[in-house]
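Chemist: My questions all concern the structure below.
The values are calculated or read from the model by the stated rules, or taken from the named source; none is laboratory data. No experiment lies behind these values; they were computed from the predicted model shown. Every residue, glycine as well, gets a Cβ built from its backbone with ideal geometry; the counts of neighbours run over all protein chains shown.
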Amino acid sequence: MSLTNSRLQKLERINEKKLISNFDDFEKALLVDLYRIIRRMESSSDKYFVEKEDDITTEIIGRLFEAGWTNTEEQTKVGGGSVDLYIEYNGFKWICEAKRNYGNLNLFEGLLQLTTRYAKNQEKVGFFIYHQKNALLSSITSFHDFLTSKKWGNKKGYEEFLDDIEACFSQVIIPKEFSYDKSHYTIEVKKLCGSPLKIRVFWADFSFNPLDKSGRESKSIQIKNARLNLMTAFFEYEKNPSSGTEQFVPLLQKYFRFEEESNS
């Protein structure tokens, strides 16, 4: 059986991994594969724009395994908790936390998990952000502003822990120029012990809201987007109950109207 170009490229990448002899080479090869996997999954956003966080992570792990990262696990016990993604190769280890983008507070919780629980023995870790709604670039800007302007400081629930949070996020270093779709980018914070931590951030753009006629009139797409908007509002409310419940009424009306129309 003749080998296609894609199969040959896959074999070459697997063989290249055999030459890895230090952590930097290990991480570099891993990040290249992760970038390729996430970009390919983005091209099938219609499959992932309402998927659960764990299901998306499981898909990434399966694709990593096919790329030669055979010691890859999810929900692995690390540092007093279960980290979403754990990869080991030739003794080198890399961990990654993943979050659906329900809002800045939800993403911040992921960073807190990395900096205060999981990254005990790591200097470089990963953070996947699964973006499933519109306006990706404004979400990135908003999250960066949330970190650098320390907007977590006036959020309910953090009052007793502000000194420790300040120790980790007092000077968040974010690159001034980046392009999320070219590669990952790195933000720098500190662990509770005071040592620096580099976090490789991947935004996966799984938003799917087609405006062409067939897309606009698709009942299944309308139902899924209505469900996504409802879930997003619920989790934002869960983090900040002061936002009130009035927002749920129009979202529920839209969801059930679309569902009823699809069944008629």
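Chemist: Among the candidates R63, R40, R36, single out the residue that is surrounded by 17 or more Cβ atoms within 10 Å (Cβ to Cβ) and closer than 20 Å to H131 by Cα. If you could, list the steps in order and put the result at the bottom.
Modeler: Details: R40 fails: surrounded by 17 or more Cβ atoms within 10 Å (Cβ to Cβ); R36 fails: surrounded by 17 or more Cβ atoms within 10 Å (Cβ to Cβ).
Being surrounded by 17 or more Cβ atoms within 10 Å (Cβ to Cβ) and closer than 20 Å to H131 by Cα holds for just one of R63, R40, R36, which is R63.
Chemist: For segment 138-168, which residues satisfy the criterion of being surrounded by 12 or more Cβ atoms within 10 Å (Cβ to Cβ), part of a helix (DSSP H, G or I) and either among the charged types (D, E, K, R) or within 15 Å of the chain's Cα centre (by Cα) (or both)?
Modeler: Of everything in segment 138-168, those that are surrounded by 12 or more Cβ atoms within 10 Å (Cβ to Cβ), part of a helix (DSSP H, G or I) and either among the charged types (D, E, K, R) or within 15 Å of the chain's Cα centre (by Cα) (or both) turn out to be S139, I140, F143, H144, D145, K151, D164, E166.
Chemist: Being modelled with pLDDT of 90 or more, part of a helix (DSSP H, G or I) and within 30 Å of P241 (Cα to Cα), is that true of even one residue in segment 59-80?
Modeler: Checking segment 59-80: not a single residue is modelled with pLDDT of 90 or more, part of a helix (DSSP H, G or I) and within 30 Å of P241 (Cα to Cα).
Chemist: Can you name every residue in segment 141-156 that is touching a residue at least 24 places away in the same chain (Cβ under 8 Å) and either polar (S, T, N, Q) or over 19 Å from K198 (Cα atoms) (or both)? Spell out the reasoning first.
Modeler: We begin by selecting, within segment 141-156, every residue touching a residue at least 24 places away in the same chain (Cβ under 8 Å); these are 142-144, 146-148, 151-152, 155-156.
Hits for segment 141-156 are S142, T148, K151, W152, K155, K156.
Chemist: Further question on the same structure: May I ask you to verify whether T116 is buried (at least 19 other Cβ atoms within 10 Å of the Cβ), at pLDDT below 95 and part of a helix (DSSP H, G or I)? Talk me through it step by step, then tell me what you get.
Modeler: On the way: buried (at least 19 other Cβ atoms within 10 Å of the Cβ): yes; at pLDDT below 95: yes; part of a helix (DSSP H, G or I): yes.
Yes, satisfied.
Chemist: Still on this structure, please answer the following. Checking F128 against (1) out of contact with any Leu (no Cβ under 6 Å at 6 or more places or on another chain); (2) more than 16 Å from D84 (Cβ to Cβ); (3) crowded, with 19+ Cβ neighbours inside 10 Å, which test does it fail?
Modeler: Every listed condition holds for F128 apart from (2).
Chemist: Residues in segment 96-110 that are under 13 Å from the mean Cα position of the chain (by Cα) and either within 17 Å of T186 (Cα to Cα) or among the aliphatic types (A, V, I, L, M) (or both): how many?
Modeler: Initial filter on segment 96-110 (under 13 Å from the mean Cα position of the chain (by Cα)): 96-104, 106-110.
Restricting the remaining residues to those that are either within 17 Å of T186 (Cα to Cα) or among the aliphatic types (A, V, I, L, M) (or both) gives 96-99, 107-108, 110.
Selection size over segment 96-110: 7.
Chemist: Checking the condition modelled with pLDDT of 90 or more and over 20 Å from Y102 (Cβ atoms), which residue from D163, D205, D145 passes?
Modeler: On the way: D205 fails: over 20 Å from Y102 (Cβ atoms); D145 fails: over 20 Å from Y102 (Cβ atoms).
Among D163, D205, D145, only D163 is modelled with pLDDT of 90 or more and over 20 Å from Y102 (Cβ atoms).
Chemist: A further question on this structure: Checking N106 against (1) in contact (Cβ under 8 Å) with a residue 60 or more places away in the chain; (2) under 16 Å from V78 (Cβ atoms), which test does it fail?
Modeler: Result: N106 fails condition (2) only.
Chemist: Of the conditions (1) farther than 19 Å from S170 by Cα; (2) buried (at least 19 other Cβ atoms within 10 Å of the Cβ), N104 satisfies every one except a single condition; which number is it?
Modeler: (1)
Chemist: I would also like to ask the following. From K133, K99, which residue is under 25 Å from N209 (Cβ atoms) and either assigned to a strand (DSSP E or B) or among the hydroxyl-bearing types (S, T, Y) (or both)? So that I can check it myself, show each step before the final result.
Modeler: On the way: K133 fails: either assigned to a strand (DSSP E or B) or among the hydroxyl-bearing types (S, T, Y) (or both).
Of the residues listed, the single one that is under 25 Å from N209 (Cβ atoms) and either assigned to a strand (DSSP E or B) or among the hydroxyl-bearing types (S, T, Y) (or both) is K99.
Chemist: When you go through Q75, Q113 one by one, which is the residue that is at positive phi and either among the hydroxyl-bearing types (S, T, Y) or within 15 Å of the chain's Cα centre (by Cα) (or both)? Please lay out each step first, then the result.
Modeler: On the way: Q113 fails: at positive phi.
Exactly one of Q75, Q113 is at positive phi and either among the hydroxyl-bearing types (S, T, Y) or within 15 Å of the chain's Cα centre (by Cα) (or both), namely Q75.
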